[in-house]
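Enquirer: This structure is in structure tokens; I'll ask about it shortly.
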Amino acid sequence: MTTISNLLEFAEEGEWDGKYMIVQCRKALSPSKLPGIDHALNPYGGCEHGCLYCYAPEVTYTEWDEWTDVRVKAGIESRLGKELMSVKGTIGIGTTTDPYQPAEERFQLTRKCLVKLKERKRRIHVHTKSDLILRDLPILQGTDGEVAVTITTLDERISKIIEPGAPGPARRVDTLTKLTAAGLDTYALVGPVLSILEGHEREFVESITSTGTKRMYLDSLNDRHLLTKRMDAINIKGSQKAKEIIRSLATANGIKVFDVF
Ligand code: SF4
């Protein structure tokens, strides 16, 4: 839902194009403290995937009911080109929003930025839940970096509730399989590890193992107040128990397992 105050704020800084607010990008990169990432690149503000466990709205001071009102940062690829002249290190694509959310199909900002990063031979880290990334496989091949696909459950119905705008689990497993088979350095991000995985750990790990990826990162449910309220309302919690079982099963299958922080 878009509030009047949100509409007024957007009206001052950009213009609507259908369901999207187009804003001129003033800065492409921001310093990042995430492990292994020096600068964050987010071509979109807000995220249409609308995952209930997402803590990015609180990190970016965005109201939850405005989080799926996406702002499109027009011109980000040319800003990026200028900023890369004075910036070193790994660029993390999609640190606070998914770079392959539905808006990308139309605006292709992530794709344009990838082209720029490849030309400049920069190391990248891409993180997504979407099979739209497969469109850019030819660009990703030959680019220095790694690609992560988030998978939190194999249950399509539960995924529709907790990640309503994102592609379902089967598409994500298939995406990770194709990215890995194409020779990219991939990993599965199981984040957050939720109580819905309890009793399904073996099936879950077998599915991830079948993708061919050799790494897995485990993340815990963030305890920020508002997302905790959303998850409590559907009685889904973080699960340390599922996390440890997944760690042990995945390790036995030859997958290297890491904690996100
Ligand atoms: S895909 Fe990531 S950024 Fe987008 S809503 Fe889900 S958790 Fe948040």
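The values are calculated or read from the model by the stated rules, or taken from the named source; none is laboratory data. These numbers come from a predicted model, not from an experiment. Cβ placement follows ideal geometry from the backbone for every residue including glycine, while neighbour counts extend to all protein chains displayed. Surface areas here come from the heavy atoms of the whole protein model, side chains and all, with no ligands, DNA or RNA. Shrake-Rupley method; radii C 1.70, N 1.55, O 1.52, S 1.80 Å.
Enquirer: Of all residues in the stretch 65-97 being open to solvent by less than 20 Å² (accessible area, probe 1.4 Å), over 22 Å from Trp16 (Cβ atoms) and among the hydrophobic types (A, V, I, L, M, F, W, C), which is farthest from the ligand (Cβ to nearest atom)?
Expert: Here the residue is Leu84.
Enquirer: Condition first: open to solvent by 10 Å² or more (accessible area, probe 1.4 Å), within 16 Å of the ligand (Cβ to nearest atom) and part of a loop (DSSP other than H, G, I, E, B). Now tell me which residues in the stretch 98-121 satisfy that.
Expert: Asp98, Pro102
Enquirer: Oh, and also: Of the conditions (1) open to solvent by 20 Å² or more (accessible area, probe 1.4 Å); (2) away from the ligand (no atom under 14 Å from the Cβ), Asp131 fails just one. Which one is it?
Expert: (2)
Enquirer: If you scan the stretch 47-61, which residues turn out to be touching a Ser or Thr at 6+ places or on another chain (Cβ under 7 Å), closer than 17 Å to Thr228 by Cα and within 8 Å of the ligand (Cβ to nearest atom)?
Expert: Matches in the stretch 47-61: Gly50, Ala56.
Enquirer: Do the conditions hold for Phe258, that is, is it open to solvent by 40 Å² or more (accessible area, probe 1.4 Å), at pLDDT 95 or above and not β-branched (Val, Ile, Thr)?
Expert: When the stated conditions are applied, Phe258 passes them.
Enquirer: Looking at the stretch 200-239 only, could you name the residues that are of a type in the set (Gly, Ala, Ser) and farther than 30 Å from Thr62 by Cβ?
Expert: Those that are of a type in the set (Gly, Ala, Ser) and farther than 30 Å from Thr62 by Cβ: Ser207, Ser210, Gly212.
Enquirer: Looking at this structure, is Ile124 within 16 Å of the ligand (Cβ to nearest atom) and touching a helix residue (DSSP H, G or I) at 6+ places or on another chain (Cβ under 7 Å)?
Expert: Criteria not met by Ile124.
Conditions tested, residue by residue: (1) crowded, with 19+ Cβ neighbours inside 10 Å; (2) at negative phi; (3) not in a loop (DSSP other than H, G, I, E, B).
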{"site": "Gly212", "(1), (2), (3)": "no, no, no"}
{"site": "Asp223", "(1), (2), (3)": "no, yes, no"}
{"site": "Thr228", "(1), (2), (3)": "no, yes, yes"}
{"site": "Met231", "(1), (2), (3)": "yes, yes, yes"}
{"site": "Ile245", "(1), (2), (3)": "yes, yes, yes"}
{"site": "Thr251", "(1), (2), (3)": "no, yes, yes"}
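Enquirer: Any idea which of (1) open to solvent by less than 30 Å² (accessible area, probe 1.4 Å); (2) in a strand (DSSP E or B); (3) away from the ligand (no atom under 16 Å from the Cβ) is the one Glu146 doesn't satisfy?
Expert: The number of the failed condition is (1).
Enquirer: Considering only the stretch 40-61, how many residues are outside any helix (DSSP H, G or I) and touching a helix residue (DSSP H, G or I) at 6+ places or on another chain (Cβ under 8 Å)?
Expert: Going through the stretch 40-61 one residue at a time, the tally reaches 11.
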